[in-house]
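Take a look at the structure set out below.
The values are calculated or read from the model by the stated rules, or taken from the named source; none is laboratory data. Keep in mind that what you see is a predicted model, and the values were worked out from it rather than measured. Neighbour counts are summed over all protein chains in view; Cβ atoms, including those assigned to glycine, are modelled from backbone coordinates with ideal geometry.
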Amino acid sequence: MVSPVLAAADRLYWSRVIRRADIVDVEFVRLQLRRAVSARGAVRAYVRGGFRRGLSLNPLFLEQLVSAQLPDSDRVPALYAYLVGDPAKVSTTISWDAPAYAAAHPESLHGAGGPLGYAWRSLRQGGELPMGADSLHRMITHEDLMRTAATGLNPPPHLPPRDSIAAPRVLVWKVGAEDADGASLEVLASVASHCDDAAVILVLDPAAPDDLRAASAQISLWRDRTFIVNGFIEAEAEISLPPGTILLVRESGSEIAAEAVRAILSGAEARPVQALWLAPDGTIASAAAAAYDGQTVPLFAGHPIEDLQELGETIPAVALDAPVRAHRLGDLSRPNTLLDAHATRERRHAPALRTHTGNTDFDQLSPGRGLEFVTAAGLVPSLQKRHAERLVLADGDSVPRLRWAIKTAAPAGRRGESWGDTHFARGLAAALERLGQHVAIDAYPAARRATAGLDDVTVVLRGPERIDPPESETTIQWIISHPDEITSEEVGLFDIVFAASEGWSAGASTRLGRTILPLLQCSDAVRFSPRGLERSDDLVFVGTARGIVRPSVVEPLRAGAPLRVYGPDWRGYIPASAIAGTHVPNEELPLLYESAGAVMNDHWPAMQREGFVSNRLYDVVSAGGRAISDHVTGIPELFGGAVRTYRTTQELLELVASPLDSLFPAEDDLAEISSRVRRLHSFDARAKELLRAAVAHRI
């Protein structure tokens, strides 16, 4: 815990940095505090906790949006982190493209306050600023910003007259405190910029942070027919529009992609439609509202999303009950749920529109995947597990078709997309599916979901978090990292335990008093395979900064090596010129690995010490690439000369200073090594081992 003296010293330093940036808009702060304030008083209110409550010192700065892009900003104010870091590629608000502005005005990177300070001073001196999304932009003034800020902070209590709203399509977008990171506004801006015939009604919850409400209102600066209303008003109830108008409603706190919103709008042309409603843990909140003998229930609640795979593109419902939904006014036909359109939100509202009074035809909703609807007297049909069927594999083995659940430590939703555990689980799931199995992946919050009892086999991928197995017939733990945290009590909870290190497995079996079998990490040989791409001379690193100075990145850059870094949190640790991107789409990784001169890699100390070889090395070599890594026992035997290792910083610098082609085998030899890794160390090979172990345990 930080002492009061140190906390006060921090606040003093933050204040000095912010004041020197000449970035405070006193008029904007006065609107938020509802009292007169000096620039010094505004900064004081901000650093003394205002930044955590949504107080912003500038109308072009959205605290949580910036915080997500910068290291250490969960501890310090995001504005301070922005000012002392590298602001060249940092987005500061939704409707203004700060990185594009910085590129167009390179001189802004060297002045007080960076691009934000430069743009704001230009506005205060009578200049204009482009605001908008995609191809739709307008030039706005400081007066425009203040006018919309006042509207966002004090929205009108009623909607404008019906005639001003009238449009073929109306989007009601509710914004609350859960939307503070601005992601939902980015989605709305993208959708609204391409829907010229739609009216947008922004319903702002008074409990939402001030900076979020001000940023929401800015959409009205560059888009016509955008209206702001106070969140105390139930906008839907007040809207009086002619039949035939398509009305889309997005509840506050709903996470949904712009493509999904467009699909819902398009689907509503034919009938009422909604998104598939997911809970924050990644499980299904409701696939559709179903009815049976007067009772209405959410279908597939608590199930993994994979249980919908065999149901097609839509599910019929009796009501629109999802947090993102659309219908044509006057259309009372039976609604559909679009299974490819996902909206994530806490369960906090009742069905919004009932359009069908009969029972759901459960006979038409056979989900497969080892499940069936069963009706008990007086109860709504429930999903139960069928007896496992048998199938014959390509090698002639006869095995049961089981329901598997793979548990990971990754967070649910878009945050989990940057976790290697997520993609590791998907590779394993796909391999098991190729063996005829039914597989679901549970993010960490869903590790003990309510429907776990329907699973035959649970596989826990032990990463940075301990996951105790739920009740299922066979439980398997696969330790792929953090071996220093494993205890005898933890491994004793599982029927079968594997670990991704031969040496550690042998030692831990004796030390922990139970058999732990070696099962090394692997690669998705379907995706990571050579394409014959030409190699560059560049070094490449893909990964996060982990909040530390990673030597495999920092030392080569200090030595002037041509290293391109891809990762979300490197600002403040390395020069901006070395950051090639904050993210690499997973489908592009094989191409990047193969075409790099060499891929840099390092291990957590415990993994290095215990012989847990990084999954990245399997991917790189499987893709036909070359790597430079810190030394871990087993690397030479696994990858031959395709991976060069170092033990000291001096050895690392000697490797990156050498001509890369001189470090690695000839291309024909590399191709042979890559082929061997894909054959022996693929997810398909590991899936066969897991299936054999599970079947043997069930006999």
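List the pairs whose first member sits in region 359-383 and is at positive phi, whose second member is in a loop (DSSP other than H, G, I, E, B) and surrounded by fewer than 16 Cβ atoms within 10 Å (Cβ to Cβ), and whose Cβ atoms are under 6 Å apart, counting only residues at least 6 apart or on separate chains?
GLY370/ARG386
Just to be sure before I move on: is GLY624 assigned by TED's automatic domain parsing to the domain that holds VAL554, touching an Asp or Glu at 6+ places or on another chain (Cβ under 9 Å) and part of a loop (DSSP other than H, G, I, E, B) in the structure I sent?
yes
Please enumerate the residues belonging to region 72-115 that are surrounded by fewer than 22 Cβ atoms within 10 Å (Cβ to Cβ) and polar (S, T, N, Q).
Within region 72-115, SER91 is the sole residue that qualifies.
Could you name every one of the helices (runs of 4 or more DSSP H) located completely within region 642-699 that has at least 3 residues being under 34 Å from the mean Cα position of the chain (by Cα) and free of Cβ contacts under 8 Å to residues at least 40 places away in the same chain?
Correct list: 667-680.
Given the conditions (1) buried (at least 20 other Cβ atoms within 10 Å of the Cβ); (2) not in a strand (DSSP E or B), which single one is not true for ALA405?
Condition (2) is where ALA405 drops out.
When only residues in region 57-71 that are in contact with a Gly (Cβ under 6 Å, 6 or more places away or on another chain) and closer than 16 Å to ALA545 by Cβ count, which is modelled with the highest pLDDT?
LEU70
From the list LEU83, LEU70, which one is closer than 20 Å to ARG124 by Cβ and in contact with a helix residue (DSSP H, G or I) (Cβ under 7 Å, 6 or more places away or on another chain)?
Result: LEU83 is the single residue among LEU83, LEU70 that is closer than 20 Å to ARG124 by Cβ and in contact with a helix residue (DSSP H, G or I) (Cβ under 7 Å, 6 or more places away or on another chain).
Does VAL457 satisfy being among the aliphatic types (A, V, I, L, M), touching a helix residue (DSSP H, G or I) at 6+ places or on another chain (Cβ under 8 Å) and buried (at least 24 other Cβ atoms within 10 Å of the Cβ)?
Yes; evaluated as a whole, the condition is true for this residue.
For the condition within 18 Å of SER67 (Cβ to Cβ), surrounded by fewer than 23 Cβ atoms within 10 Å (Cβ to Cβ), of a type in the set (Asp, Glu) and assigned by TED's automatic domain parsing to the domain that holds HIS158, what is the one hit in ASP210, ASP196, ASP224?
The conditions single out ASP210.
Which residue out of ALA183, ALA177 is under 17 Å from ALA214 (Cβ atoms), loosely packed, with under 15 Cβ neighbours inside 10 Å and touching an Asp or Glu at 6+ places or on another chain (Cβ under 9 Å)?
ALA177
Which one of these does ILE23 not meet: (1) in a helix (DSSP H, G or I); (2) closer than 21 Å to ASP144 by Cα; (3) touching a helix residue (DSSP H, G or I) at 6+ places or on another chain (Cβ under 6 Å)?
Here ILE23 clears every test but (1).
With the requirement that a residue be surrounded by fewer than 18 Cβ atoms within 10 Å (Cβ to Cβ) and either at pLDDT 95 or above or within 25 Å of the chain's Cα centre (by Cα) (or both), what does region 463-484 give you?
PRO464, GLU465, ARG466, ASP468
So TYR118 fits all but one of (1) crowded, with 18+ Cβ neighbours inside 10 Å; (2) outside any helix (DSSP H, G or I); what number is the exception?
(2)
Within region 512-535, identify whether any single residue is in a helix (DSSP H, G or I) and either over 31 Å from the mean Cα position of the chain (by Cα) or on the phi < 0 side of the Ramachandran plot (or both), and answer yes or no.
Yes, region 512-535 contains a residue that is in a helix (DSSP H, G or I) and either over 31 Å from the mean Cα position of the chain (by Cα) or on the phi < 0 side of the Ramachandran plot (or both).
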